[in-house]
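Readers should treat all values here as calculations from the given coordinates under stated rules, not as data from a laboratory. Computed from a predicted structure; not experimentally measured. Note: ideal-geometry Cβ built from the backbone for every residue, glycine included; neighbour counts use all protein chains shown.
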């Protein structure tokens, strides 16, 4: 798993590191879910569990160096809100570990704090603790988000059952197209591109919808590593196969314009672009009314994209799915490997 | 607060950054304590609060580059255990955000995980979540530690009252001497130096003692930034003055040998060396039995080092206290500025 010098550093190797750091798989009685779901569920004796997730955003990995500092602050909150949305939880408190470059300009620091504050207010989160370190490395924000959910309503990865339908909220691939546009801006900039860039810079996870389908859907995960990779996590955890109908993947109108103008196929971005921060969930017939009521209450669209089957457990397959296995190898998520 | 190029980066400037990130001082009803104490106290409706703290350890800031990787893993846990000890809390769960250099050797990664695991087991903590990022910067571990404490027993910074005595556990300055020894190892290495180095590499906060004086002592803080700086935090939060008797500061026998062999005055290290991870607390006459019973139960020594007075609120003074104010300027804690 390591190169000839014994170094780590590519996507596959980071799975090894995750393994190293998560060695002890024993789970105390007050941990209802831990490593291996979007967030941990921690019992406390009340009528709700605490839900806890941590994610880091780093310049050069999750954002372009020298880019929009306010967006980075926003994103540090949003990526964790996405994890809590995927548990059906309500976010409450955040702790921030900020690694700030020694030569960080005062103005950028202010913008960073603006974006952070804006996101905290948007989702009603109180910042209750933090630590700041001056670093010779890049700007990085590690945010721990705590929230609450009734344990019997929590959405987990391991609940999908054969016969159920797989759904995804919103549209796919927009953030990946936005990142490409920022990296290599075309001379002809279409108005539609602004929305794609915004989806990369300021993701808005469907938190209200996640809460709406808590106790209704049978399993859920957020789309952060890319649809295929995240579907595979859900398939593994539930011990089922997922048959994907790639023709039904929801694309946005701006994505259509981008595809038309650049001559690019949007499907790879929709399948593996990553950072969509939408929700994928499984639900049976009996959940029909619940998932539709939540849709209207939360004003969030969703689309059926496949079905849960008993065959090929842990796999995602179907026409248009590259290789029909090991999408990680085809589209390595590199450097982004969360628990 | 910024230099001519508008950059940030020294100790004082980081106070500004803390300010930027902790802009919203409003406190929701379920936050019993937040920014400004060692850890946040979060109500949940049960008979105990959740306690949450986050701290980052980074190579080059909190440890020498290329040093003992197992010690760094240990320290990431220990620095947070120290915060929970200062609240009188019991640690339960941890979330880890690891920034790993791309060229991190496989063996060092394994050692890092060893040290982390050893510390988690030592204090009975379950790792329940994490995130790993490959970074072009230095190795850094941000750990969020969650624990529990009965809210009426929680040790806070703001409870010290005039007439009480100020105590400190263990001995002071050892870790700072250990760091100096590692940075510039003397040709004549005394056996006593091993203990000083160990105190820098693998701090062991007096967790059991902190729990023992919960509900007994009137205020507490952990000694992480240096005794003077942390006493000042306590004095400010409590709105009292602290009269320090520097002649009574507890020093270890190895520190005595280091001082004798190097001709160095140990007092500056004991006052401002930092990273002692001991507890400073205030207690009145009525707490005498409680703090002594806890001493025997937890096998932890403590020493009276001063008294709480109504005069000069927010200040720490007394013979041997440098400048009698602004110790931060004399011994800048640089790059270490936690909440």
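Annotations for the structure displayed:
- Three-way shape label, region A:199-245, alpha-carbon gyration tensor, a/c 1.5: oblate
- The shape of the protein assembly as shown comes out prolate: with a ≥ b ≥ c from the C-alpha gyration tensor, a/c is at least 1.5 and a/b beats b/c.
- Label spacing, shortest first and in nm, from residue B:36 to its equivalents in the remaining copies (7 angstrom along Cα→Cβ): 4.3
- Label 7 Å beyond Cα on the Cβ vector: residue B:236 copy-to-copy distances, nm: 4.6
- Of the beta bridges in the protein assembly as shown, as assigned by DSSP with both residues counted there, near 80 percent are antiparallel.
- Note on residue B:285 and residue B:64: their simple-model spin labels are 5.1 nm apart, each label 7 Å out from Cα toward Cβ.
- Of A:212, A:256, A:46, the one that fluctuates the most in a GNM where chain A has Cα springs shorter than 10 Å: A:46
- FRET efficiency, 1/(1 + (r/R0)^6) with R0 41 Å, evaluated for residue A:47 and residue B:248 via beta carbons: 0.25
- Pair residue A:114, residue B:29: separation of 7 Å Cα→Cβ label points (nm): 3.4 nm
- Each of B:157, A:148, A:312 was scored by other Cβ atoms within 10 Å of its Cβ. Arranged with the fewest first, they read A:312, A:148, B:157.
- Between B:68, B:49, B:83, the GNM of chain B built on Cα springs shorter than 10 angstrom shows B:68 fluctuating the most.
- The value obtained for region B:157-330, namely the Cα convex hull volume divided by the number of residues, is 103 Å³ per residue.
- Summary of the geometry: region B:86-131 and region B:257-329, compared by the centres of their Cα atoms, lie 30 Å apart.
- When B:295, B:102 are arranged by Cβ crowding within 10 Å, least crowded first, meaning fewest neighbours, the order is B:102, B:295.
- Which of A:142, B:26, A:272 has the fewest Cβ neighbours within 10 Å, and the rest in rising order: B:26, A:272, A:142
- 10 Å Cβ neighbours from other chains, averaged over peptide A:102-109: 6
- Scanning chain B for the Cβ atom closest to the axis that brings B onto A yields residue and whole-Å distance B:137, 1.
- Region B:27-76-region B:192-221 distance, computed between alpha-carbon centres (Å): 15 Å
- Tensor-based shape of region B:11-149 (alpha-carbon gyration tensor, a/c under 1.5 rounded, otherwise prolate or oblate): oblate
- Antiparallel bridges, percent of DSSP beta bridges restricted to chain B (to nearest 5): 75 percent
- Other protein chain C-beta atoms within 10 Å of residue C-beta, averaged over B:35-48: 4.
- Teacher prompt: residue A:292 distances to equivalent labels in other copies, 7 Å Cα→Cβ, nm: 7.5
- Taking every alpha-carbon pair under 8 Å whose residues sit at least 6 apart, chain B reaches a relative contact order of 22 percent.
- Looking at region B:11-149 alone, DSSP beta bridges between its own residues are antiparallel in about 70 percent of cases.
- For A:61-73, mean number of other protein chain Cβ atoms within 10 Å: 1
- Fraction of C-alpha pairs exceeding 38 angstrom in chain A: 12 percent, rounded to a whole number.
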